[in-house]
Amino acid sequence: MRNGGTSMTKGFTERFTQQLNSINPKIRVMAPKDRTCAVLKGAQMLSSMLMNQQDTICNNTMSLQEYNDAGPSIFKCYWY
């Protein structure tokens with residue numbers, strides 16, 4: 001996934017689509033016109049979900065201490 005300033009460069013979407021399709025023609029590239037604020041919108045959605053204690057994402061967060069104690073294998077507990 002690409003977003004932000006570099007994805008707004010003129011011709012980027014076309015070049016990116018062409019390069020990906022040369023690797024695998026089944027890949028579809030989507031480039032919404034309002035992607036200039038995509039990162040901000042994603043952060044806004046995440047923070048809204050974190051504020052709602054009933055939301056499942058609250059159950060899928062971990063502290064740095066938990067990660068340091070368990071290492072990368074902790075992701076299996078949280079996400080799989």
Looking at region 1-76, what helices (runs of 4 or more DSSP H) fall wholly within it and have at least 1 residues that are open to solvent by 100 Å² or more (accessible area, probe 1.4 Å) and at pLDDT 85 or above?
12-23, 64-70
With the first residue restricted to region 26-50 and required to be closer than 30 Å to residue 63 by Cβ and of a type outside the set (Asp, Glu), and the second required to be part of a helix (DSSP H, G or I) and open to solvent by less than 70 Å² (accessible area, probe 1.4 Å), Cβ contacts under 8 Å at 6 or more apart or on different chains are 46/57; 49/57; 49/58; 50/57; 50/58
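The values are calculated or read from the model by the stated rules, or taken from the named source; none is laboratory data. What you see is a predicted model, and the numbers here were worked out from it, not measured in a lab. Please note: Cβ atoms are built from the backbone with ideal geometry, for glycine as well, and neighbour counts cover all protein chains shown. Side chains are part of the model used for accessible areas, which takes the heavy atoms of the whole protein and leaves out ligands, DNA and RNA. Shrake-Rupley method; radii C 1.70, N 1.55, O 1.52, S 1.80 Å.
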